[in-house]
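Participant: Quick one: this structure, given as C-alpha cells, is what I'll be asking you about.
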Amino acid sequence: MRKELLNKANLAWLLLSIVSFVVLSILMKVGIIGSYYSITLYNIFINIILAVSLNLVIGVCGQFSLGHAGFMCIGAYCAGIMVKMMPNMTGLAIGVLIGFALSTIVALIVSIPTLRLKGDYLAIATLGFAEIVRILVQNMEITNGAAGLNGIPKLTTFPLLFVCAVIAILVVCNFTHSAPGRACLSIREDEIASEAMGINTTKYKVIAFVIGALLASLAGALFACNFYVIKPDQFTFNKSIDILVMVVFGGMGSMTSSVLAAVAIGIINVVLANFSEIRMIIYGLALVGIMIFKPTGILGTKELSFKKLFDKRKEKSA
Amino acid sequence: MTAFLQQLVNGLSLGSIYALIALGYTMVYGIIKLINFAHGDVYMLGAYCAFLITTYCGLGFIPALFISMIFCGVVGVLIERIAYKPLRHATRITALITAIGVSYVLEYATQYIMGSEVRTYPKLLTSASFHLGPVTITMQQVYIFVITVILMVVLQFIVQKTKMGRAMRAVSVDEDAARLMGIDVDKTISFTFLLGSALAGVAGVLVGIYYNSINPLMGMTPGLKAFIAAVFGGIGSIPGAMIGGLFIGIAETMVTAYGSSLYKDAIVYIILILILILKPAGLLGKNVREKV
Amino acid sequence: MKTILNVKNLTKNFGGLCAVSNVSMTINEGELIGLIGPNGAGKTTLFNLLTGVYEPSSGLIELIDQNKSIQIGGLKPYKITNLGVARTFQNIRLFKSMTVLENVKVAMHKNIRYGTLAAILRLPTYYKEEKWVEEKAEELLKEVGLYSLRNELATNLPYGKQRRLEIARALAIQPKILYLDEPAAGMNPQETKELTELIDHIREKYKLTVILIEHDMSLVMKICERIYVLNYGKMIANGTPEEIKQNEFVVKAYLGEEI
C-alpha cells in the first residue's frame, strides 16, 4: 500500500463502501429485501454503472451521446454468447473482455469521425450508430435474431456487481480529477479555448467516449448474466434515454448525483411498476421541467467529497 | 427494369411523406437551431386526429386533412410556447433534452388515452390503381405525391414572397438584428412551428392512409428518418428537405426490394453517418463557422 | 537580432471576402509589437491564422526556434500552441465553471507527464506530477495577483480580473510568443495602467515576444517597440510609434480620406 493512498478521505470512502455492502447483503440474507426487491437492487447497480459512464461522456466532456444502449448491447451479447458456451466465471470474464475489445473498436470507429460534429449532430450520429448495432444483432444468427438469447446462466452475484459498480465509479472519478479529466472539462467549457491551451481535443473526446463505452459494455455483461434472457429490443433508443434521464436528473457532471439518481429512479420504477405509461409521461414532464427550471439537475455539479469535508474541518479547527 | 421502376414509384411516395416531415425539422432548426425531437410525435398526433374525425364524426378526407393540419399547428405552437420558449438562450444540449422530454410526453400520453394497440385506418382514398406501361400506380400514391408537391410550392411561396416568410428568414440569420429591425421574433418563431407542425399533420394523415395502420409510437422512427432527410439535404434548406426526403424514401424502398427489409432502417442510419462525415453541411447546406 | 516569426504573403479568403490579404511581417525575438487598425481590418483574423484557428488560403507562417524553422501555417491550434505560441481572446474565453486554479492547470497540460491509465490507477507519477502542477500554478497566480481568488469559479471574477486570468493561463503554456487580443478592452485607466505593468513584467521575466492588438492608442504608443497597421486586410504600414504617428496612410485609414 502506498502512502498517498492512505489518507482520511480514501479510508472514509472505503468504509462507506464496506458498510453499504454489508448492510445490503444482510438485508438480502434475512429477507428484508425479498427476491422481488433484490431484482430491483441488481438493476439499480447496473444502472449506476451506466449512469456514471454516460455522465463521463455528457457531463464531464460535454459530448452529447444518445448511443449508450448500443455499447450496453455489445457487452450483453458478447457475455451472453460466451457464457452459454462456457457457463462459469471464466466464461464471463472472457465474455467481458471480448465485449471490451469489440466496444473499443466500435467506439473508435464511431467517435473519430463523429466527435468532430457539434452537440446535436453528435447526438443523432450516436443514436444512429446504436440503432445500427441493434439492427445487426436482430439479424445475426449467433445472436439468435429478434428472439434473443435464452437460458443465460445467472453468474452476476451481488458481490461481483457491487465491486464492478465501485470500480466504475472509481475509474470515472479518478479520471475526472486528473490532467486528462481536466482536459475533458475544458472541452466541455469552451472547445476553442481548450485547443488554444494546447489540448488535442479530439484525442480527449475519444478517450472519454471509449471509457464510457467500456463501462457500458461491462454493465451490459452484468445485465445479461442476471436476467437469463436478452433481446435486441431491450437496447433501443428508449434505453439510452432511460440512462440519460438518470444523468440529467441528478446533475450533469456530478457522479454523486448520478448514483443517487440511479437509486431514486430504481425505486420510482418499482412504485410505478403497474403504471408504465404514466411513468413515461412523468419522465417526459420531469425532463422538460428540470431543463426549464433547474437545467443543472437536482444536485447540480455538487459532489460528496470526504476530502473537502475533512479539509473544511481542518480549516475550522485551525 | 420494371421492378426497378415500380420500386422508384413506391420510393417516391414514401419519400414525399418523409419530405413533408423533414420540412418541419428543417424550418425549426433553421430558425432556433433546435432538433425538435417531438416533431415526429406531432405527426403521429396528426394521424390520430384524422383517425378520430373520420371514424367518429364521419367526415371525409379533405375536411379531416384540414382539421389535422390546424390541430397539429396549434399543438406545435403550444409545445414551442410552453417547452422551448423559456430555453431560447440555453445550451443546445438543454434544449435537446427538453425536446426528448416533450416527445416522451406526447407518445405516452397518447398511448395512455388511446391505448397502445395498433389501429386500422379507415379507407379515406380510393384504392384504385392504374397502369403506366408495366408500372402499377395507385391513386393513393398519386394523391400523396400531388399533395406534397402542392404544399411544397405553397411553403416556398410563403417563405420567399410574404412578409412573414421574410421575417422567418431574417430571424434565422440573426435573431437580435431581426428584433432591432422591428420583427416580432416570438411571433415569427411560433409561426414557423405552426407551419412545420401543420405539414407534419398532413404527413400523419397520408401515412395512416398509406400503411393502413397507426400506433402511438409510430412517430419515432419516421421522425428520425425525416430528420436524417433534412440533414442530408442540408438542414435549414427547404428544397434540401424535399430532395433529402425523396432520397431517403427511395433508398429505403430499394434496400427493402433488393436487399432485405430487415436492413431498411439500418441503411438510413448509415446514410446519416456517411453524410455527417463526408459533407456535414448537407447537399444544399451552408457551412457555418464559429466566431472566435 | 534573431527572427522568431516570419510571415510571408499570408492571405485568407472567406468566400469572396478577402479578410487578410498578402500580409508579410517579420518579428524578432523579444520584441513587443502592436497590431492596430480600424474595426474589421482583419486583426483578429490574422491572429486566428497565426494560432491555427483558421487555415490560410495561401502564404507561409514560419516559426523559428533555436535556428530550426517550422512551417506552422495550417497546423492544428493545439500543435501550434505546443510549439510555444499562446494567446488570449478578445471576447474572454475562460473555462467558466472551473476554478481559477484549474483554468491555469489546464494550460499546463503539455508539461504533465502521466497518461490516462496512470490517472485511473493513481500511480505514483500521478501524485508527483499533480503536486508539481499545483505548485507551479499557484506560483503563477501569485505573480499575476490572483492567488487569493484561486478557488473561485472563473465566471465569478470581475471583468478586469478575468482578463488577467486569461494572461495567466496563456503564460502557463510557457510560450515564446504571446498574442494578446485587445487585453485592455473595457478596462478603466487604473486597470489599464496595472495591465501595462504586468505586460512589461512578464515580458522581462519570461523573455517573451509579445504581439498585441489594441485600440487604446496611448497604451500602444507607450509600450510597443514596433507597430504594424492593417486596413481592409492589407498591411499599410509598419514602423516605430513615432513613424506611425506621422504616416499619412495611417492617418487616412483612421480619420478617413480627405475630400
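The values are calculated or read from the model by the stated rules, or taken from the named source; none is laboratory data. Here the structure is a predicted model, which is why all the values come from computation and not from measurement. Heads up, the Cβs are rebuilt from the backbone with ideal geometry, glycines too, and the neighbour counts pull from every protein chain shown. Accessible surface areas use protein heavy atoms only, side chains included; no ligands, DNA or RNA. Shrake-Rupley method; radii C 1.70, N 1.55, O 1.52, S 1.80 Å.
Participant: Look at residue B:196 and say whether it is within 23 Å of residue B:104 (Cβ to Cβ), at pLDDT 90 or above and in contact with a His (Cβ under 9 Å, 6 or more places away or on another chain). I'd like the intermediate steps shown before the answer.
Facilitator: Values: within 23 Å of residue B:104 (Cβ to Cβ): yes; at pLDDT 90 or above: yes; in contact with a His (Cβ under 9 Å, 6 or more places away or on another chain): yes.
Considered against the rule, which asks whether it is within 23 Å of residue B:104 (Cβ to Cβ), at pLDDT 90 or above and in contact with a His (Cβ under 9 Å, 6 or more places away or on another chain), residue B:196 comes out as yes.
Participant: Still on this structure, please answer the following. For the range B:29-59, how many residues meet the condition of being at pLDDT below 90, in a helix (DSSP H, G or I) and under 30 Å from residue B:171 (Cβ atoms)?
Facilitator: The number of residues fulfilling the criteria is 4.
Participant: Can you tell me which residues in the range A:111-135 are more than 7 Å from chain B (Cβ to nearest Cβ) and either assigned to a loop (DSSP other than H, G, I, E, B) or in contact with a Cys (Cβ under 9 Å, 6 or more places away or on another chain) (or both)? So that I can check it myself, show each step before the final result.
Facilitator: Let us first name the residues in the range A:111-135 that are more than 7 Å from chain B (Cβ to nearest Cβ), namely A:111-112, A:115-116, A:118, A:122, A:126-127, A:130, A:133-134.
Selection gives A:115, A:116, A:118, A:130, A:133, A:134.
Participant: Now for a different question. Does residue B:67 satisfy the criteria of being open to solvent by less than 60 Å² (accessible area, probe 1.4 Å), among the hydrophobic types (A, V, I, L, M, F, W, C), assigned to a helix (DSSP H, G or I) and free of Cβ contacts under 8 Å to residues at least 60 places away in the same chain? Walk me through it before giving the result.
Facilitator: Numbers: open to solvent by less than 60 Å² (accessible area, probe 1.4 Å): no; among the hydrophobic types (A, V, I, L, M, F, W, C): yes; assigned to a helix (DSSP H, G or I): yes; free of Cβ contacts under 8 Å to residues at least 60 places away in the same chain: yes.
Considered against the rule, which asks whether it is open to solvent by less than 60 Å² (accessible area, probe 1.4 Å), among the hydrophobic types (A, V, I, L, M, F, W, C), assigned to a helix (DSSP H, G or I) and free of Cβ contacts under 8 Å to residues at least 60 places away in the same chain, residue B:67 comes out as no.
Participant: Now for a different question. Is it fair to say residue A:142 is open to solvent by less than 10 Å² (accessible area, probe 1.4 Å), in contact (Cβ under 8 Å) with a residue 12 or more places away in the chain and out of contact with any Asp or Glu (no Cβ under 8 Å at 6 or more places or on another chain)? Write out each step before concluding.
Facilitator: On the way: open to solvent by less than 10 Å² (accessible area, probe 1.4 Å): no; in contact (Cβ under 8 Å) with a residue 12 or more places away in the chain: yes; out of contact with any Asp or Glu (no Cβ under 8 Å at 6 or more places or on another chain): yes.
No.
Participant: Only one of C:92, C:80, C:120 is more than 8 Å from chain A (Cβ to nearest Cβ), part of a helix (DSSP H, G or I) and buried (at least 18 other Cβ atoms within 10 Å of the Cβ); which? Full working, then the answer.
Facilitator: Values: C:92 fails: part of a helix (DSSP H, G or I); C:120 fails: more than 8 Å from chain A (Cβ to nearest Cβ).
After applying the criteria, what remains is C:80.
Participant: Go over the candidates A:293, A:235, A:249, A:310 one by one and state the one that is touching a Lys or Arg at 6+ places or on another chain (Cβ under 6 Å) and under 30 Å from residue A:182 (Cα atoms). Outline the logic, then answer.
Facilitator: Details: A:293 fails: touching a Lys or Arg at 6+ places or on another chain (Cβ under 6 Å); A:235 fails: under 30 Å from residue A:182 (Cα atoms); A:249 fails: touching a Lys or Arg at 6+ places or on another chain (Cβ under 6 Å).
Of the residues listed, the single one that is touching a Lys or Arg at 6+ places or on another chain (Cβ under 6 Å) and under 30 Å from residue A:182 (Cα atoms) is A:310.
Participant: Another question, if that's okay. Which is under 20 Å from the mean Cα position of the chain (by Cα) and either more than 12 Å from chain A (Cβ to nearest Cβ) or surrounded by fewer than 20 Cβ atoms within 10 Å (Cβ to Cβ) (or both), of C:136, C:176, C:128, C:142? It would help to see each step written out before you state the result.
Facilitator: Values: C:136 fails: under 20 Å from the mean Cα position of the chain (by Cα); C:128 fails: under 20 Å from the mean Cα position of the chain (by Cα); C:142 fails: under 20 Å from the mean Cα position of the chain (by Cα).
Matching residue, one of C:136, C:176, C:128, C:142: C:176.
Participant: When you go through A:100, A:71 one by one, which is the residue that is over 30 Å from residue B:37 (Cα atoms), among the aromatic types (Phe, Trp, Tyr) and within 17 Å of the chain's Cα centre (by Cα)? Even if it seems obvious, please write down each step before you answer.
Facilitator: Values: A:71 fails: over 30 Å from residue B:37 (Cα atoms).
Just one listed residue meets the conditions, A:100.
Participant: How about the range C:192-224: which of its residues are aliphatic (A, V, I, L, M) and part of a helix (DSSP H, G or I)?
Facilitator: Step one: list which residues in the range C:192-224 are aliphatic (A, V, I, L, M), which gives C:195, C:198-199, C:202, C:208, C:210-213, C:217, C:219-221, C:223.
Once the filter is applied, which keeps residues that are aliphatic (A, V, I, L, M) and part of a helix (DSSP H, G or I), the range C:192-224 yields C:195, C:198, C:199, C:202, C:217, C:219, C:220, C:221, C:223.
Listed here are the residues, each with its yes/no results for (1) out of contact with any Phe, Trp or Tyr (no Cβ under 9 Å at 6 or more places or on another chain); (2) under 20 Å from residue B:97 (Cβ atoms); (3) among the polar types (S, T, N, Q).
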residue	(1), (2), (3)
A:230	no, no, no
A:278	no, no, no
A:290	no, yes, no
A:294	yes, yes, no
A:301	yes, yes, yes
A:310	yes, no, no
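Participant: Next up: In the range B:250-288, which residues are more than 30 Å from residue C:54 (Cβ to Cβ) and in contact with a Ser or Thr (Cβ under 7 Å, 6 or more places away or on another chain)?
Facilitator: Of all residues in the range B:250-288, those more than 30 Å from residue C:54 (Cβ to Cβ) come to B:250-271.
B:264, B:265, listed by residue number.
Participant: Test of understanding: among C:227, C:236, which residue is outside any helix (DSSP H, G or I) and surrounded by fewer than 20 Cβ atoms within 10 Å (Cβ to Cβ)? Break it down stepwise before answering.
Facilitator: On the way: C:227 fails: surrounded by fewer than 20 Cβ atoms within 10 Å (Cβ to Cβ).
Criteria check complete, one pass: C:236.
Participant: Please specify each residue of the range B:142-177 satisfying the condition of being in a helix (DSSP H, G or I) and hydroxyl-bearing (Ser, Thr, Tyr).
Facilitator: In the first step, residues of the range B:142-177 are kept if they are in a helix (DSSP H, G or I); the result is B:142-161, B:163-173, B:175-177.
Within the range B:142-177, B:143, B:148, B:172 qualify.
Participant: Would you confirm, using the coordinates I've provided, whether residue B:116 is within 12 Å of chain A (Cβ to nearest Cβ), more than 19 Å from residue A:291 (Cβ to Cβ) and either under 19 Å from the mean Cα position of the chain (by Cα) or part of a loop (DSSP other than H, G, I, E, B) (or both)?
Facilitator: So residue B:116 fits the description; yes.
Participant: Another question, then. Out of all the residues in the range A:219-270, which are at pLDDT 90 or above, closer than 21 Å to residue A:152 by Cα, assigned to a helix (DSSP H, G or I) and more than 14 Å from every other protein chain (Cβ to nearest Cβ)?
Facilitator: A:219, A:220, A:221, A:222, A:223, A:224, A:225, A:226, A:234
Participant: Then there is this: Could you tell me how many of the residues in the range C:79-114 are among the small types (Gly, Ala, Ser) and closer than 15 Å to residue C:48 by Cα? First the steps, then the outcome.
Facilitator: Taking the range C:79-114 as the starting set, the residues that turn out to be among the small types (Gly, Ala, Ser) are C:84, C:86, C:97, C:107.
Within this subset, residues satisfying the condition of being closer than 15 Å to residue C:48 by Cα are C:86.
So the answer is 1.
Participant: While we're on this one: Going through the range A:57-74 one residue at a time, which ones are under 14 Å from residue A:205 (Cβ atoms), among the aliphatic types (A, V, I, L, M) and within 11 Å of another protein chain (Cβ to nearest Cβ)?
Facilitator: The answer is A:58, and nothing else.
Participant: Right, here's the next one. What are the pairs, 6+ residues apart or on separate chains, where a residue within the range C:98-112 that is more than 7 Å from chain A (Cβ to nearest Cβ) and open to solvent by 10 Å² or more (accessible area, probe 1.4 Å) has its Cβ under 8 Å from a residue that is aromatic (Phe, Trp, Tyr) and assigned to a helix (DSSP H, G or I)?
Facilitator: none
Participant: Return a yes/no flag: does the range B:214-224 have any residue that is open to solvent by 30 Å² or more (accessible area, probe 1.4 Å), in contact (Cβ under 8 Å) with a residue 24 or more places away in the chain, within 29 Å of residue B:154 (Cβ to Cβ) and more than 13 Å from every other protein chain (Cβ to nearest Cβ).
Facilitator: First, the residues of the range B:214-224 that are open to solvent by 30 Å² or more (accessible area, probe 1.4 Å): B:215, B:217, B:220-221.
Checking the rest, the ones that are also in contact (Cβ under 8 Å) with a residue 24 or more places away in the chain come to B:215, B:217, B:220-221.
Now narrow it down to the ones that are within 29 Å of residue B:154 (Cβ to Cβ): B:220-221.
From the residues that got through so far, the ones that are more than 13 Å from every other protein chain (Cβ to nearest Cβ) too are none.
Within the range B:214-224 (the criterion being open to solvent by 30 Å² or more (accessible area, probe 1.4 Å), in contact (Cβ under 8 Å) with a residue 24 or more places away in the chain, within 29 Å of residue B:154 (Cβ to Cβ) and more than 13 Å from every other protein chain (Cβ to nearest Cβ)), the answer is no, since none of the residues qualifies.
Okay, residues lined up against (1) within 26 Å of residue C:207 (Cβ to Cβ); (2) of a type in the set (Val, Ile, Thr); (3) over 14 Å from the mean Cα position of the chain (by Cα):
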{"site": "C:4", "(1), (2), (3)": "yes, yes, yes"}
{"site": "C:12", "(1), (2), (3)": "no, no, yes"}
{"site": "C:19", "(1), (2), (3)": "no, no, yes"}
{"site": "C:26", "(1), (2), (3)": "yes, yes, yes"}
{"site": "C:31", "(1), (2), (3)": "yes, no, no"}
{"site": "C:35", "(1), (2), (3)": "yes, no, no"}
{"site": "C:42", "(1), (2), (3)": "no, no, yes"}
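Participant: Let me ask you something else. Does residue C:32 qualify as being of a type in the set (A, V, I, L, M, F, W, C) and touching a Cys at 6+ places or on another chain (Cβ under 6 Å)? Let's see the steps before the verdict.
Facilitator: Numbers: of a type in the set (A, V, I, L, M, F, W, C): yes; touching a Cys at 6+ places or on another chain (Cβ under 6 Å): yes.
Yes, satisfied.
Here is a yes/no grid of residues against (1) away from chain A (no Cβ under 13 Å); (2) polar (S, T, N, Q); (3) more than 12 Å from residue C:213 (Cβ to Cβ); (4) buried (at least 17 other Cβ atoms within 10 Å of the Cβ):
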| residue | (1), (2), (3), (4) |
| --- | --- |
| C:32 | yes, no, yes, yes |
| C:43 | yes, no, no, yes |
| C:46 | yes, no, no, yes |
| C:50 | no, no, no, yes |
| C:57 | yes, yes, yes, no |
| C:72 | yes, no, yes, yes |
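Participant: Let me ask something additional. Quick one: which helices (runs of 4 or more DSSP H) sit completely within the range A:1-106 and have at least 2 residues that are crowded, with 24+ Cβ neighbours inside 10 Å? If you could, list the steps in order and put the result at the bottom.
Facilitator: On the way: elements: A:8-29, A:35-55, A:68-85.
Counting at least 2 such residues, we get A:35-55, A:68-85.
Participant: Right, here's the next one. Residues in the range B:235-281 that are touching an Asp or Glu at 6+ places or on another chain (Cβ under 9 Å), facing another protein chain (nearest Cβ under 9 Å) and open to solvent by less than 30 Å² (accessible area, probe 1.4 Å): how many?
Facilitator: Within the range B:235-281, residues that are touching an Asp or Glu at 6+ places or on another chain (Cβ under 9 Å), facing another protein chain (nearest Cβ under 9 Å) and open to solvent by less than 30 Å² (accessible area, probe 1.4 Å) number 3.
Participant: Right, something else. What number of residues within the range A:153-189 are within 7 Å of another protein chain (Cβ to nearest Cβ) and open to solvent by 20 Å² or more (accessible area, probe 1.4 Å)?
Facilitator: 4
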